[in-house]
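Here's the structure we're looking at; comments come further down.
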Amino acid sequence: MVKRLGRDYGLVRCADPEAIHGQGVSKFVSWNLPVHHCWPCNPQETPGFIEKAAQALVRKFGDAHPQALMIGALDAGSSNRYYRTLASNLRGRALQIFPSNVCEIRDAEEQAPELPTLFCLIGKEGLFCGLQSPRSCGGFHPGGTRFIRQNTPETISRAGAKIAGALHQLRLYRPVPATGANWLELGASPGGMTAELLNRGYQVTAVDRAPLDIRLKGAAGLHAVIGDATSFEPAKGEWYDAILSDMNGDALDSIKRVVRLCSNLKPGGLVVFTLKTAGVTGYDALNMLETSVVSAAADANLDRIAGVHLAYNRHEFTLFFERRVSL
Ligand SMILES: C[S@@+](CC[C@H](N)C(=O)[O-])C[C@H]1O[C@@H](n2cnc3c(N)ncnc32)[C@H](O)[C@@H]1O
C-alpha cells in the first residue's frame with residue numbers, strides 16, 4: 001500500500017488493476033476507484049480550493065462525458081462535517097461549470113450501472129478522482145455504502161439492513177424483483193429480512209425452525225412456516241421469483257437446501273445467499289468455500305452474478321445467483 005487515506009481507504013499500486021474485479025478478490029474489496037487525477041494538498045489550508053479543484057475537474061474530465069459527478073468524503077463516518085460539506089460544495093460548483101451532459105442525480109440509484117461516472121473523494125489527504133462505472137467500482141456512492149438505519153423501534157433484527165443493502169447492491173447487476181414478487185425465505189427468524197421484504201410489497205413464504213417475531217403475526221403477504229428447510233415442500237404449482245437464504249450453519253448444507261427448492265424457482269429467478277463463514281479463516285479457505293458453494297449452485301442451473309461484503313455483513317458474504325433461462 002502506498003498510503004492510507006482516512007480510515008477506510010488505501011492508495012495502492014497494482015501491477016494488474018483488472019485483477020481487482022476477479023471472483024477471488026472482488027468480494028474482499030468493498031469499493032475501488034482508479035485514480036486518474038489527484039491533488040494531494042490539505043484543502044483546509046489551500047486558498048480558493050473549491051474553484052481551483054472544480055476548474056481542474058472540468059479541464060480533465062469535461063470531454064469524457066461522465067454520466068454523473070459523485071463526490072464524497074474520505075472519512076465519511078467522521079463526526080467532523082467539514083469534508084462532507086466541502087464535497088457537497090465542490091460538487092455544486094463543478095456541476096455549474098461542467099458541460100451540460102452531466103446529469104443532476106437526486107438518487108445515486110438513478111445512475112446506469114455500466115456507464116462511467118466521475119467519482120471523487122476528498123479529505124485532509126487531498127482530492128482523488130477517477131472515471132469508472134458504478135458496477136466496476138462496486139457501488140453507486142463514493143465509497144459504495146448507502147447508510148441504512150439498523151436500530152429504530154420497529155427494527156426486528158439487524159438483518160433487515162442486510163437485505164436492504166443487498167437489494168441496493170443488486171441493482172449494479174440486474175433489476176430487483178418487481179413489487180408483488182413471490183419470495184421464499186429460508187432461515188427467516190426472528191424476521192428482520194421478512195419485515196423489509198414485506199415493506200417493499202413482496203409476498204413472502206418465511207421458513208425457520210424458530211418462530212417469527214410476534215410483530216409479524218398476521219402481516220399481509222406473509223406465509224410463515226415453522227419447520228426445517230430440509231423437509232419444507234412448497235405448495236403444488238407454487239413458483240418463486242426469488243429465494244433468500246440466511247440460514248446459519250454449514251454453507252454447503254445451506255446451498256444444498258436452496259438447490260433442492262430451485263425446481264420451484266422461475267427461470268431468470270434470483271437467489272440471494274448469505275455465505276456464512278464461521279470458523280473459516282484466510283483468503284484461500286474463504287475462496288475455496290465460495291468455489292464449492294458456486295459449484296453446488298451450478299447443479300441447479302444457478303449462475304453466480306456477484307459476491308459482495310456488505311457494510312452490514314459480519315463474518316459472511318452475500319452471493320447473488322440467477323437461474324439460467326434456457327435450461
Ligand atoms: C442469522 S439467523 C436469521 C436471521 C433472519 N434472516 C432475520 O432476518 O432476522 C439464522 C436462522 O437460520 C435458521 N436455520 C438454520 N438452519 C435451518 C434449517 N435447516 N431450517 C430452517 N431454519 C434454519 C435458524 O433457526 C436461525 O433462526
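The values are calculated or read from the model by the stated rules, or taken from the named source; none is laboratory data. Model, not experiment: these values are computed from the prediction. Backbone-built Cβ (ideal geometry, glycine too); neighbour counts: all protein chains shown. Ligands, DNA and RNA are stripped out before the accessible areas are found, and what is left, the full protein with its side chains, is counted by its heavy atoms. Shrake-Rupley method; radii C 1.70, N 1.55, O 1.52, S 1.80 Å.
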| task | Considering the options ALA19, TYR82, PRO134, tell which one lies farthest towards the positive end of the dipole of segment 3-137, charges being +1 on Lys and Arg and -1 on Asp and Glu at the Cβ, about the Cα centre. | result | TYR82
| field | Dipole in debye (nearest 20) - segment 43-112, about Cα centre, beta carbon charges: Lys, Arg +1; Asp, Glu -1 | value | 220
| note | In debye to the nearest 20, the charge dipole size for segment 159-323, taken about the Cα centre with +1 at each Lys and Arg Cβ and -1 at each Asp and Glu Cβ, equals 340
| said: Going by amide H atoms built from the backbone, whose H comes under 5 Å of the H on GLY269, apart from near neighbours? | reply: ARG323
| remark: Once amide hydrogens are built 1.01 Å from N within the peptide plane, the residues lying 5 or more places from GLN132 or on another chain with amide H under 5 Å from its amide H are THR117, PHE119
| query | Of ARG174, ARG93, ARG135, ARG7, which has the most accessible area and how do the rest follow, probe 1.4 Å? | reply | ARG7, ARG135, ARG93, ARG174
| message | Give me, ordered by chain and number, the residues 5 or more places off HIS223 or on other chains with an amide H under 5 Å from its own placed amide H. | response | VAL204, THR205, ALA206
| said: Compute the distance from the alpha-carbon center of segment 260-327 to that of segment 217-241, in whole Å. | reply: 21
| request: Return the tail of the calculated pair distribution for the chain, meaning the percent of Cα-Cα pairs more than 33 Å apart. | output: 33
| Dipole moment magnitude, nearest 20 debye, the chain about Cα centre, only Lys, Arg, Asp, Glu C-beta charged | 600
| message | Apply the a/c threshold of 1.5 to the C-alpha gyration tensor of segment 159-323 and tell me whether it is rounded, prolate or oblate. | response | rounded
| Shape of segment 108-195 from its Cα gyration tensor (a ≥ b ≥ c, root eigenvalues): rounded if a/c is under 1.5, otherwise prolate when a/b > b/c, or oblate? | oblate
| task | Return the carbon/sulfur percentage of the accessible area of the chain, one whole number, probe 1.4 Å, all protein chains in place. | result | 52
| note | Taking a ≥ b ≥ c as the square roots of the eigenvalues of the Cα gyration tensor, with a/c under 1.5 meaning rounded and otherwise prolate when a/b exceeds b/c and oblate if not, segment 3-137 is oblate
